[in-house]
1. Using per-residue counts of other Cβ atoms within 10 Å, averaged over each peptide, order 45-54, 3-12 from highest down.
2. Stretched out fully, how many nm does the piece from M47 to H59 gain, at 0.36 nm a residue minus the Cα gap?
Amino acid sequence: MDDISKTILQGITFKGASSRPKEDKVKTKAKKKSYITGAHGSGAAKMKADFRKKRANRHK
């Protein structure tokens, strides 16, 4: 019962458990401006840029 009363009085602290060190982050080009706007020439990126424009203009 001591653990339960301690939890009730102090609360529970949730810590973000990092599964891997920060050096092992996956680097991607997908967030760079030329990829977002489709300026680098890829057909898929141009389609995605078109979808983003349509979504951004949907509620204007």
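1. Going from most to least packed, we get 45-54, 3-12.
2. Working: separation 12, 0.36 × 12 = 4.32 nm, distance 2.00 nm.
Answer, rounded to one decimal: 2.3 nm.
Only the coordinates and a few stated rules stand behind these numbers; no lab work does. Keep in mind that what you see is a predicted model, and the values were worked out from it rather than measured. So basically every Cβ, Gly included, is an ideal-geometry build from the backbone, and we count neighbours across all protein chains shown.
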